[in-house]
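Below is one structure, written out as structure tokens; comments come after it.
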There are 2 protein chains.
Amino acid sequence: MRISQLAERTGVPVHTLKYYLREGVLQPGTPTSRTSADYGEEHVERVRLVRALVEHGGVPVAGVRTIVEALEAPPPSRHELLGTAHCTLAGPGGDEGPGEVVADLLEGLGWRVWADGPFAAALGRAVEAARAAGAPLSEDVLRRYAEAMRAVAEVDLDLALAAGSPAEAMHRVVVGTVMVDPVLLALRRVAQEAASAERA
Amino acid sequence: MRISQLAERTGVPVHTLKYYLREGVLQPGTPTSRTSADYGEEHVERVRLVRALVEHGGVPVAGVRTIVEALEAPPPSRHELLGTAHCTLAGPGGDEGPGEVVADLLEGLGWRVWADGPFAAALGRAVEAARAAGAPLSEDVLRRYAEAMRAVAEVDLDLALAAGSPAEAMHRVVVGTVMVDPVLLALRRVAQEAASAERA
DNA sequence: GACACTGGAGAGTGCCACTATCCATCATGG
DNA sequence: CCATGATGGATAGTGGCACTCTCCAGTGTC
């Protein structure tokens, strides 16, 4: 299929597809001549993935590139898969520690996590920002939130481990992480309505 | 306190404070002459709130204005409070229905929610986008996610109802919704690491 | 051989959160 | 009493980002 047909199939303008090719988030087609290339179903899927990540996931195009590069690289062992995916998604964030609050929380929960990793640090920053804005995030509240998100993570792991191949598992972790986030946040609001109605 | 002192206290440049005044997200100080005004502690707190919402919450400045307007308006009754806060936070989103998947899900869970509200619609859109990107979101998976977020919502409700005044409850709902979202997402990633380590 | 289409590259657009400039008006010190 | 400097107010400029447009020479197609 030619680029104009790819544009028609995906609903994305040709100009934007060229832009994606330039930015390296869409793999080039197999050239059929010096001025034309052939695109297949994998390109259609890639375009859908890019649009989903950029539009609904809020990922910048440069971030999409590192993600698709990780998806194309030979998949790591099942144990390293999650770490690799997380490092890809977190990007080269700051390397400061998680902060005392988060360290205490993780120890209290007994979670065996990478305490100096990018997400523990991100958690510390998010907690600090929320508290600076006036949110009453006591240690007990954080623990209850953490236990609820642990249940979410169990579902995530079930989905990833049910994948047929390591490559598919990687894809599921990345897409599931980025694209399911908005689903969870929307569920939170709807659940608030339900809980409020039930208590009334 | 003068605007330069407010800038010093909050670490925000004077130019930016003027910009916030123009955009209506920072309330004007009490004028002491035609070329000076007096700012108090409530302005310091407001600036912190605005910075938190814009920087860490990803809320556009125009959205911050509707939020602070809702916070300044006379607080609604306790039963309407959540709905008012949600409508403020959701903005004038599309008014299409939630979609069949979400309607089935909510009915299966037995949640009494505003099925035509903005968040049910947002949930439908998020689920569609995630599926378009290739996430395997079966109805069963959605139900498990929903139950976990229900636990989160119970914590949210506890926090809001523990507020001393309706105005404080409103503040807690808004800040808790916007600023706790990143905390939850960070917790999800950390919980994934913990769950993965435990299963290894 | 006319014409549309292709890949490639540079420059322009629109949005947004600032950020800088300019100016008349006070506020204060010498 | 006037020079200096901060203030509020308005206008315009900046930088980042995701496109989007324009141009080009080289095909494929009729």
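Scanning the stretch B:152-163 for residues that are more than 16 Å from A:V183 (Cβ to Cβ), of a type in the set (G, A, S) and surrounded by 18 or more Cβ atoms within 10 Å (Cβ to Cβ) yields one hit, B:A160. One residue stands out among those in the stretch A:38-65 that are in contact with a Gly (Cβ under 7 Å, 6 or more places away or on another chain) and within 11 Å of DNA strand D (Cβ to nearest atom): the one that is farthest from the other protein chains (Cβ to nearest Cβ), which is A:R65.
In the condition set (1) within 17 Å of B:G176 (Cα to Cα); (2) within 14 Å of another protein chain (Cβ to nearest Cβ), B:A70 is compliant with all but (2). Any residue at all in the stretch B:7-19 that's over 24 Å from the mean Cα position of the chain (by Cα) and within 14 Å of chain A (Cβ to nearest Cβ)? The answer is yes, given that some residue of the stretch B:7-19 is over 24 Å from the mean Cα position of the chain (by Cα) and within 14 Å of chain A (Cβ to nearest Cβ).
Count of the stretch B:107-132 residues, restricted to those that are at the interface with chain A (Cβ under 7 Å from one of its Cβ atoms), open to solvent by 50 Å² or more (accessible area, probe 1.4 Å) and in a loop (DSSP other than H, G, I, E, B), is 2. Within the stretch B:25-43, residues that are farther than 22 Å from B:G63 by Cα sit with their Cβ atoms under 8 Å from residues that are within 11 Å of DNA strand C (Cβ to nearest atom) and open to solvent by 90 Å² or more (accessible area, probe 1.4 Å), at 6+ positions apart or across chains, in these pairs: B:S36/B:R2; B:A37/B:R2; B:A37/B:P31; B:D38/B:R2; B:D38/B:P31; B:D38/B:T32; B:Y39/B:R2.
The set of residues in the stretch B:133-142 that are assigned to a helix (DSSP H, G or I) and aliphatic (A, V, I, L, M) comprises B:V141, B:L142. For the stretch A:10-36, residues that are more than 6 Å from DNA strand D (Cβ to nearest atom) and basic (K, R) total 2. Against the conditions (1) within 30 Å of A:L159 (Cβ to Cβ); (2) within 7 Å of chain A (Cβ to nearest Cβ); (3) touching an Asp or Glu at 6+ places or on another chain (Cβ under 9 Å), B:L82 satisfies every one except (1). Only residues that are over 15 Å from B:A186 (Cβ atoms) and more than 7 Å from chain B (Cβ to nearest Cβ) were counted across the stretch A:133-146, and they come to 3. For the stretch B:143-200, what are the residues that are closer than 30 Å to B:P74 by Cβ and not in a helix (DSSP H, G or I)? Within the stretch B:143-200, B:A162, B:A163, B:G164, B:S165 meet the criteria.
Output the residues belonging to the stretch A:156-168 that are of a type in the set (G, A, S) and at pLDDT 85 or above. Across the stretch A:156-168, the qualifying residues are A:A160, A:A162. When A:G57, A:G63, A:G11 are checked against the criterion of being away from DNA strand C (no atom under 12 Å from the Cβ) and loosely packed, with under 15 Cβ neighbours inside 10 Å, a single residue qualifies: A:G11.
The values are calculated or read from the model by the stated rules, or taken from the named source; none is laboratory data. Predicted model, so just to flag it, every value in this text is computed and none were measured. Because the Cβ atoms are built from the backbone with ideal geometry, glycine has one as well, and the counts that use them run over all protein chains shown. Ligands, DNA and RNA are stripped out before the accessible areas are found, and what is left, the full protein with its side chains, is counted by its heavy atoms. Shrake-Rupley method; radii C 1.70, N 1.55, O 1.52, S 1.80 Å.
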